[in-house]
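> Next up is a structure, given as structure tokens.
The values are calculated or read from the model by the stated rules, or taken from the named source; none is laboratory data. None of the values given here were measured: they were computed from a predicted structure. Using ideal geometry, Cβ is built from the backbone for each residue, glycine included, and neighbour counts are taken over all protein chains shown. Note: accessible area is taken over every heavy atom of the protein model, side chains too, but ligands, DNA and RNA are not part of it. Shrake-Rupley method; radii C 1.70, N 1.55, O 1.52, S 1.80 Å.
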Amino acid sequence: MKDQARVVVIGGGIAGCSALYHLTREGWSDVMLIERDELTSGTTWHSAAQVTNFGMNQTMIGLKSHSIALYKELRDDPDYPVGYNYADGGIRLANTPEQMDGYRHFTSVAAGMGVGFEVIDAAECARRHPLISADNLLGGLWDPHDGHIDPAQLCQALARRARLAGAEVNRHTPVTGLTQQADHTWTVHTEKGDVRAEIVVNAGGYRCNEIGAMMGISHPVASMEHQYFLTEDIPAITEASHRMPLLRCPISDYYCRQEKGGLLLGFYEQDCRTWGLDGIDPHFSNALCP
Ligand SMILES: Cc1cc2nc3c(=O)[nH]c(=O)nc-3n(C[C@H](O)[C@H](O)[C@H](O)COP(=O)(O)OP(=O)(O)OC[C@H]3O[C@@H](n4cnc5c(N)ncnc54)[C@H](O)[C@@H]3O)c2cc1C
């Protein structure tokens with residue numbers, strides 16, 4: 001392991017791997033990622049990993065369409081192709097005129113950025129997704145680029161590209177402390193030695209407060225429990241001639257996508273529970289909440 005780098009990124013989930021890759025893409029090759037376990041040992045590996053262009057403002061739409069273009073490039077890389085179900089399509093449902101107006105407004109904002117969406121009626125929603133009932137439905141917002149990606153492969157692919165551009169990736173190397181020097185540079189203490197860095201990126205996921213504490217910073221961040229469940233095979237899906245579009249329902253607050261011959265369904269919990277506020281077991285890694 002090098003003993004100095006211009007930037008040290010702590011954490012090898014999607015945030016850390018993406019930060020490392022994008023630094024190298026901007027020409028910063030003297031960069032290092034430090035991960036306490038294997039890459040993507042925190043949340044990323046078990047994400048539903050849905051990738052949409054939808055965002056509430058132009059910044060988010062721009063970020064998301066950048067991601068989709070990058071993921072397509074990674075999917076098509078013959079040296080390390082990432083599993084990416086691009087363009088299954090997705091429908092955001094609506095049952096009030098106000099929601100439909102909101103979708104029309106959003107469609108014109110996105111069109112101004114060159115990103116295509118379509119507002120469709122209830123019958124068209126049901127035609128595009130065989131499991132939708134049009135009862136009590138006014139219509140929806142169609143995202144033709146919606147899909148989902150293999151999140152673990154994505155992290156590996158970004159780290160691989162960063163390595164090829166000169167970055168160093170150190171796995172099984174927990175960061176144990178951070179000391180800021182008088183010249184504002186940092187000494188990153190790890191179980192395998194110290195690294196001097198101009199800039200430190202905290203990409204520790206649900207452990208970001210542990211890393212913040214090493215810097216003497218209290219981040220206003222709390223992790224929330226979130227769950228999805230998987231169904232068994234559903235004949236209407238296995239017998240369909242196309243993959244199911246993704247569904248997001250702001251009415252009942254759930255999302256849903258195809259997983260093998262069944263569905264993956266997640267709810268945006270109304271009565272959410274925080275997780276790990278009183279500390280996280282140091283052995284909790286590559287694990288799910290009980
Ligand atoms: C059930 C579920 C479904 C989701 N579905 C979606 C979805 O469909 N679409 C979407 O965009 N998002 C989704 N998300 C959210 C998304 O998964 C997370 O926002 C994202 O994975 C967080 O990535 P991260 O890199 O910040 O953290 P993590 O993936 O947790 O990575 C942090 C890394 O830092 C490492 N680390 C921590 N402390 C240290 C240390 N001291 N030293 C070295 N390394 C350290 C950890 O080992 C870990 O590998 C979902 C989340 C959940 C829980």
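> Somewhere in the stretch 133-156, is a residue more than 25 Å from R207 (Cα to Cα), in a strand (DSSP E or B) and hydrophobic (A, V, I, L, M, F, W, C)?
Yes, the stretch 133-156 contains a residue that is more than 25 Å from R207 (Cα to Cα), in a strand (DSSP E or B) and hydrophobic (A, V, I, L, M, F, W, C).
> Can we say D135 is open to solvent by 30 Å² or more (accessible area, probe 1.4 Å), over 14 Å from C249 (Cβ atoms) and either at pLDDT 95 or above or assigned by TED's automatic domain parsing to the domain that holds L263 (or both)?
Criteria not met by D135.
> Which of the residues belonging to the stretch 19-38 are more than 6 Å from the ligand (Cβ to nearest atom) and either part of a helix (DSSP H, G or I) or crowded, with 22+ Cβ neighbours inside 10 Å (or both)?
Selection gives A19, L20, Y21, H22, L23, T24, R25, V31, M32, L33.
> Check off (1) crowded, with 16+ Cβ neighbours inside 10 Å; (2) touching a residue at least 12 places away in the same chain (Cβ under 8 Å); (3) out of contact with any helix residue (DSSP H, G or I) (no Cβ under 8 Å at 6 or more places or on another chain) for C256 and give me the number that stays unchecked.
(2)
> Now a separate question. Checking the condition closer than 22 Å to G205 by Cβ, at pLDDT 95 or above and either touching a helix residue (DSSP H, G or I) at 6+ places or on another chain (Cβ under 9 Å) or among the aliphatic types (A, V, I, L, M) (or both), which residue from A69, A19 passes?
Matching residue, one of A69, A19: A19.
> Could you please let me know if N209 is surrounded by 11 or more Cβ atoms within 10 Å (Cβ to Cβ) and in the same structural domain as G12 (by TED's automatic domain parsing)?
yes
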